[in-house]
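Novice: Can you read through this structure? Questions will come right after.
The values are calculated or read from the model by the stated rules, or taken from the named source; none is laboratory data. Source: prediction; values computed, not measured. Neighbour counts are summed over all protein chains in view; Cβ atoms, including those assigned to glycine, are modelled from backbone coordinates with ideal geometry. What goes into the accessible areas is simple: the full protein's heavy atoms, side chains included, and nothing from ligands, DNA or RNA. Shrake-Rupley method; radii C 1.70, N 1.55, O 1.52, S 1.80 Å.
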Amino acid sequence: MAEFDHLRFTLSRNAFGHLSLESDQGTFTDVVPVRAFPISDPDQSIAIVDREGHELVWLDQLNQTSAENQALINEELAAREFMPVLTKINDVSTFATPSTWQVETSRGATQFILRGEDDIRRINKTMFLVSDNHGVQYLIQDIQSLDKHSRRLLDRFL
C-alpha cells in the first residue's frame, strides 16, 4: 500500500471520464472510491483503490479531503451504487414466494419479484435490504417510517 498524505492528493477526470489520482507518489489512472460500510456508515471509511484493487488512499471521514475531491468521490459512488430506497409497499401478489411486489421507491414506482424470504435481510434494528430476482437491492432505511399497510405486508415475510 502506498502511503499518501490525505491532504495532498488531487482527483480529476481524464478524457475518458475515469478518475485519476495525482500525488507526490505519482499519477494513477482508473482509480475507484470504495466504501467500507456503504449502508450503515456511508460517509466514513472510504478507500481509493487502483485498477488492481490496491489501496492508494484511506479516508476515515470524507471531509478529510478537499471539497473538489469530495464532489468527484460522491459522483463516482452515486454512478456505481444504485440502491433505491423503498418508501411504500403497495401490494404483494401472494404471501408465498416467489411473489410480485408493487412498491414506491426514491426512484419512482416499480415492481419486482421476491424469490424467497431469505432475500430480505435485516441490517440493524430498523434497516432492511430487499433483493429482487435481478439482484437489485432496495433499502428500507427505517421500518417505522413505512405506513401501517406496508409494515403489515413486510411483516408477513419476516
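Novice: From the square roots a ≥ b ≥ c of the eigenvalues of the alpha-carbon gyration tensor of the range 95-158, which class results: rounded (a/c under 1.5), prolate (a/b over b/c), or oblate?
Specialist: Rounded is the answer for the range 95-158, as its axis ratio a/c remains below 1.5.
Novice: Further question on the same structure: Need one word for the chain: rounded, prolate or oblate. Basis is the Cα gyration tensor (sqrt eigenvalues a ≥ b ≥ c); a/c below 1.5 gives rounded, then a/b vs b/c decides.
Specialist: Prolate, because a/c is 1.5 or more and a/b exceeds b/c.
Novice: Based on the Cβ-Cβ distance of residue 44 and residue 20, what FRET efficiency does E = 1/(1 + (r/R0)^6) give at R0 = 30 Å, to the nearest 0.05?
Specialist: Approximately 0.80, to the nearest 0.05.
Novice: Something else about it: Can you classify the range 50-106 as rounded, prolate or oblate using the Cα gyration tensor, where a ≥ b ≥ c are the square roots of its eigenvalues, rounded means a/c under 1.5, and otherwise it's prolate if a/b beats b/c and oblate if not? If you can, show how the numbers build up before the last one.
Specialist: Numbers: a/c = 4.13, a/b = 2.53, b/c = 1.63.
Since a/c reaches 1.5 and a/b is larger than b/c, the shape of the range 50-106 is classed as prolate.
Novice: Next question, about the same structure. Could you check how much of the accessible area of the chain is carbon and sulfur, as a whole percent, using a 1.4 Å probe? Show your work: numbers first, answer last.
Specialist: On the way: 4350 of 9180 Å².
Answer for the chain is 47 percent, counting heavy atoms of protein chains only.
Novice: Mean residue ellipticity at 222 nm from the helices of the chain, using -39,500 (n - 2.57) per DSSP H segment of n ≥ 4 over the full residue count, to the nearest 500 deg cm²/dmol?
Specialist: Helix-only estimate at 222 nm: -4000 deg cm²/dmol.
Novice: Another question about this same structure. Multiply the residue gap between residue 52 and residue 67 by 0.36 nm, knock off their C-alpha separation, and tell me the result in nm, one decimal place.
Specialist: 2.8 nm
Novice: In square angstrom, what is the accessible area per residue of the chain with a 1.4 angstrom probe? Before the final figure, lay out each step's value.
Specialist: Working: 9180 Å² over 158 residues.
Normalised by residue count, the accessible surface of the chain is 58 Å².
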